[in-house]
Amino acid sequence: MASTETRTDAVVRDRHDLSGLEAGLDALETTTHTGRTPFRQTFVQKILPPVIAIALVLVVWQALVSFEIVTDPSKLPSPGAVWDQIQQAWLEGKLLGYIWTSVSRGLAGFVLALVIGTPLGLLVARVKFVRAAIGPILSGLQSLPSVAWVPPAVIWLGLNNSMMYAVILLGAVPSIANGLVSGIDQVPPLYLRAGRTMGATGLRGTWHVVMPAALPGYVAGLKQGWAFSWRSLMAAEIIASFPDLGVGLGQLLENGRNNSDMATVFLAILLILFVGIAIDLLIFSPVERWVLRSRGLLVKG
């Protein structure tokens, strides 16, 4: 009788412990999924630090000019001189034209690289013979500086937009393909076996199992592919400057160098930097956060 009561008490205690554990897990889940982050926290953690960093850069920059540490304005213009150049380009209606000429080329070239690099990455990752034949070449192309493709592209295609797109493709496709290959290599074999068990084979398995599981590596490859696209385009615009191509940011940078106008050079550099940051913040960072959040790797943000 006593042993029966003891077992009953043990069962009650176990149930009580389990209910307490479930309550704790529920409370933890409720705490970690509280909805949107307050604006004040977002401002302090994400907006204020880069603003402070930019302000410090401007202070140091102005100090170098004001205290005549750099005395030659042809080598280091003041922030005010660069701002005047920005205002002048805006008033003349040229500022947005500079940006759009390069951004439209960069995005169009990146989309083409995406269309080519994605199936190429799938092919390399899934077919052993193709991987053995093309894999090392893709890695070598990824490490090759994009500027090296500009002279042959000019010779092959001439001074036109096709040359620009060719340089972008040669710089971005290997990064996108290698990113996808890396993501597929990290897919747990258990996922593939489970997919085959449920009938997800061939293209269906690739679409429903392989691609979703490889998404983090694929997104990382896309980010790197855009970086290579943007760098390749700037190299092409700087080296292959031609009036019929319009004035993009690379041409603007080269024009400033040819005219020994450092204010224009700094204007072009700042615009190139601004576009790169804006594309990352507006496109790739939200996609990356969505991927991480969908896998439970990012709770807030």
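A short reminder: the numbers here are calculations on the coordinates, not readings from a lab. Bear in mind that the values here come from a model prediction, so they are computed numbers and not experimental data. Don't worry about glycine lacking a Cβ; one is built from the backbone with ideal geometry, like all the others, and counts go over all protein chains shown.
How much length is gained if the chain between Ile116 and Ser139 is pulled fully straight, taking 0.36 nm per residue apart and subtracting their Cα-Cα distance, in nm to one decimal? Don't skip to the end; give the middle numbers.
Details: separation 23, 0.36 × 23 = 8.28 nm, distance 1.60 nm.
So the chain would gain 6.7 nm between Ile116 and Ser139.
Once you sort the root eigenvalues of the Cα gyration tensor of region 75-294 as a ≥ b ≥ c, which label holds: rounded (a/c under 1.5), prolate (a/b larger than b/c) or oblate (the other case)? Prolate, because a/c is 1.5 or more and a/b exceeds b/c.
Please give the contour-minus-distance gain from Val60 to Lys94: 0.36 nm per residue of separation, less the Cα-Cα distance, rounded to one decimal in nm. If you can, show how the numbers build up before the last one.
Working: separation 34, 0.36 × 34 = 12.24 nm, distance 2.92 nm.
Working it through step by step, the gained length comes to 9.3 nm.
As a calculated quantity, the FRET efficiency between Ile47 and Ile69 at R0 = 30 Å, using C-beta atoms, amounts to about 0.45. Inter-label distance, Ile277 to Leu123: 4.0 nm, where each label sits 7 Å from its Cα along the C-beta direction.
Going from the fewest other Cβ atoms within 10 Å to the most, the residues Ile238, Ile86 appear in the order Ile86, Ile238.
Arranged by the count of other C-beta atoms within 10 angstrom, fewest first, what order do Ser232, Ser143, Ser175 take?
Values: Ser232 29, Ser143 8, Ser175 25.
Ascending number of Cβ neighbours within 10 Å: Ser143, Ser175, Ser232.
Here's the picture: charge each Lys and Arg Cβ at +1 and each Asp and Glu Cβ at -1 in region 75-294, and of Ala236, Gly97, Leu222 the one pushed furthest to the positive end of that dipole is Leu222.
What number comes out for the charge environment of Val265, summing +1 per Lys or Arg and -1 per Asp or Glu over other residues with Cβ under 12 Å away?
Working: positive: Lys75, Arg257; negative: Glu254, Asp261.
Computed value for this residue: 0.
Modelled label positions at Phe39 and Ser260, each set 7 Å beyond Cα in the direction of Cβ, lie 5.1 nm from each other. The ranking of Ile47, Ile184, Ile99, Ile168 by Cβ neighbour count inside 10 Å, starting from the fewest, reads Ile47, Ile99, Ile184, Ile168.
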